[in-house]
Every structure is written in structure tokens, then in C-alpha cells.
Amino acid sequence: MPDLFVKNDSVSPTGSLKDRSFAIAVSKAKELGVSQAFTYSSGNAGISLAAYASRARMKAVVAVNAWASAQKILMMQALGAEVIKLDWDSFEQVDKALAVLRGELRLYEFVNFVNPFRHEGQKTYAYEICEQLGWQVPDYMIHPIGTGGGIFATWKGFNELKRVGVIKKTPRMIGVQPAACAPLVDAFLRGSREAVPTGDAKATIAQSIASDMPFDRGRRPLRAVYESDGAMVAVTDEQIVASILMLGQEGIYSEPAGAATIAGAQMLVRQGVIEPGATVVCVVTGSGLKQPDVLQGMLKEPVAFKADSVELVEHVKGLFGDKKAFSH
Ligand SMILES: Cc1ncc(COP(=O)(O)O)c(C=O)c1O
């Protein structure tokens, strides 16, 4: 695939796509006089809220999935947020808990599709991708789906560019979910515009995109896919790990959710849905530093030497083969 591009959001201020939406949503909240910020998060949204709320001098409280990586939770705390761990078996329980908090405490929330401003930041993907491709529009845009806020916002951004006449067409939007927990993929395969609860959110390494039931039954991400004549695809953890290592060969260290897009591209090319000559943009949405444990035990253990060991030189020679470093 000569025209496969990566939009690398692992290099954003807190290492994930969520900074796009929180930069705008927290600024807007500040403008509205909000001083207490609350969000539910699978991990990265809580980290972004923590960072931007601290800069805005707001108190931030994050309810994070209890199984989020230790690194993500520490990062939220280091950035100034109060953290609550939330355990659940079905996302409907989270929905209900949020409704109770909303009703009793009248919290100002930053959850995707509850907060109306997050999409306005997230949609800058579309602007940047067009600009960086010389105002060309990719044929396919591949995005991992958790709440579906990211894919929906990107679709909104492309549509707005088209409406103001900056671009002539829009890409086909492809959503990717982990096979262990893929309610939107299931809905798409049934031809439905609404997801039903399915899968186990704790049964995949792609913890940022694991939800058995997206907000609002996934209506808006599904709409983005149907309207754009796109697709949804599920990928296994094995495919995600292979994609993390493939991205590594391009110098990009991705968390599982981000690498899922590469696995999705591969699957759809194999299935004949995407032509290998197409221009495809895969969003790598988060840094591998956020969830380093996933590769634990999967890669070979480095050989250990004492610094004065005579075997050291022989070993390194063996690793490089016969070639000298300066030979051509
Ligand atoms: C790294 C990463 N990728 C993808 C997503 C999915 O984004 P959305 O919830 O907007 O679908 C998330 C959400 O937490 C994430 O953290």
C-alpha cells in the first residue's frame, strides 16, 4: 500500500487523540465559568482533562475504568486530577451511574456526546489531514472506536470542509473495534443503525476502545460510517500486537487501540474492501508508553553480559552479521 499514511496523535501533549477535544472543551468550559470538571474515561480522556483542567485552574475528578493501566492512572494524578476507579460488567451500569451523578450533583461533564464541544476540537483531524496531504482527501479514513466520538467528529470535520468548498469529496470512514467487544461492528454487519450490548470489555488488550455498549447506542458513529459508504471491522488482540510491532518498524510506538487501525487496514485489503492503491489514513490515537505491559513476555529477553565479558564482542558481531558498520 504505497499511499498508506499514519496520522500520529501519540505525539500530542499528553500522548493521545483526546488532547484535541479537551483543549477546546476545557477552554469553552472556562469561558462559561465552570470551575469543577468531571468525566468518565477509559483512561486517555481522563489524562487530557487532568492536564487542561489544571492549566485552567479547575478542579478535575475522573471516574476511570478500574482496569485502566497503572501508567494512565498515575499520569492523571500527576497532572492534578482526583481519580475514582469504576468497575462494571456492562456499560449500561456506567450510563446509569452517570445519570445519577448528573441528576444529584448537576456536574459539568466532559463525556463525548454529553459535552457538545469535544467534537469541535476532535474534528481538527480532518482539517490537518487535508492540509498535510496538500488539500487532497484520502479515499479511506480508519479510526478506532470507543465511544465513537473520534470517528463522528472527523466525519463532521470533512463535511464542513466540503460545505465551505475547500474539498470536493469526503473519505469513506472505517471504524475498528476489538473482536472481544465489538457492538458497533455487530450492528454494521446486521445493517442496523443502533448497537445492542455485546462482548466483554475486559477481554482485550485494546482497553481504550473496549465498551460492550457505546453511548447513545452508537447512533452517530454508525451514521458516519453509513453516510460515507464506509465499513466497520473487528480485529483480534494478536493482530493488534502484530500491528504494534509493524508500527515500531516505522519508528512509532502505539498503544493497542491506535495500532488497531493498521490491523483493520490489513483485514479490509485482504477482504477486497480497500484497494491496495487507495489513499488510506490510519489514526494512531495513543502512545505505547501509556500501556507498556501489553508486550510483556512477548518479545525475546535481551541477553545479559558483564561489561568486561569477552563474549560481548562476539555476541554483538553475531547480531550485525559479517558487515562492518561503515561498509556500504
Ligand atoms: C487511544 C485511544 N484510541 C481511540 C479511542 C476511541 O475514541 P472515541 O471514544 O472517541 O471513539 C480512545 C478513547 O478513549 C483512545 O484513548
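Given the conditions (1) out of contact with any helix residue (DSSP H, G or I) (no Cβ under 6 Å at 6 or more places or on another chain); (2) within 18 Å of Asp3 (Cα to Cα); (3) part of a loop (DSSP other than H, G, I, E, B), which single one is not true for Pro276?
So Pro276 meets the others, but not (1).
Closer than 22 Å to Ala68 by Cβ, buried (at least 18 other Cβ atoms within 10 Å of the Cβ) and in contact with a strand residue (DSSP E or B) (Cβ under 6 Å, 6 or more places away or on another chain): which single residue out of Gly230, Gly288, Gly264 fits that description?
Exactly one of Gly230, Gly288, Gly264 is closer than 22 Å to Ala68 by Cβ, buried (at least 18 other Cβ atoms within 10 Å of the Cβ) and in contact with a strand residue (DSSP E or B) (Cβ under 6 Å, 6 or more places away or on another chain), namely Gly288.
Looking at Phe113 and the list (1) in contact with a helix residue (DSSP H, G or I) (Cβ under 8 Å, 6 or more places away or on another chain); (2) modelled with pLDDT of 95 or more; (3) over 26 Å from Ile240 (Cα atoms); (4) not assigned by TED's automatic domain parsing to the domain that holds Tyr226, which single condition is not satisfied?
Of the numbered conditions (1) in contact with a helix residue (DSSP H, G or I) (Cβ under 8 Å, 6 or more places away or on another chain); (2) modelled with pLDDT of 95 or more; (3) over 26 Å from Ile240 (Cα atoms); (4) not assigned by TED's automatic domain parsing to the domain that holds Tyr226, the odd one out for Phe113 is (2).
So Val62 ticks every box in (1) in a helix (DSSP H, G or I); (2) in contact with a Gly (Cβ under 9 Å, 6 or more places away or on another chain) but one. Which box is left unticked?
Unmet for Val62, out of (1) in a helix (DSSP H, G or I); (2) in contact with a Gly (Cβ under 9 Å, 6 or more places away or on another chain): (1).
Take residues that are within 17 Å of the chain's Cα centre (by Cα) and tell me which of the helices (runs of 4 or more DSSP H) falling wholly in region 66-158 contain 2 or more.
Helices (runs of 4 or more DSSP H) meeting the threshold: 70-78, 118-122, 124-132.
Against the condition at pLDDT 95 or above and either in the same structural domain as Asp9 (by TED's automatic domain parsing) or out of contact with any Pro (no Cβ under 8 Å at 6 or more places or on another chain) (or both), how does Ser192 come out, does it pass?
Criteria met by Ser192.
Can you spot a residue in region 298-305 that is in contact with a helix residue (DSSP H, G or I) (Cβ under 7 Å, 6 or more places away or on another chain) and either modelled with pLDDT of 95 or more or not in a loop (DSSP other than H, G, I, E, B) (or both)?
Checked region 298-305: at least one residue is in contact with a helix residue (DSSP H, G or I) (Cβ under 7 Å, 6 or more places away or on another chain) and either modelled with pLDDT of 95 or more or not in a loop (DSSP other than H, G, I, E, B) (or both).
The values are calculated or read from the model by the stated rules, or taken from the named source; none is laboratory data. Remember, predicted model here, so these are calculated numbers, not experimental data. When we count neighbours, we look across all protein chains shown, and the Cβ atoms used for this are built from the backbone with ideal geometry, even at glycine.
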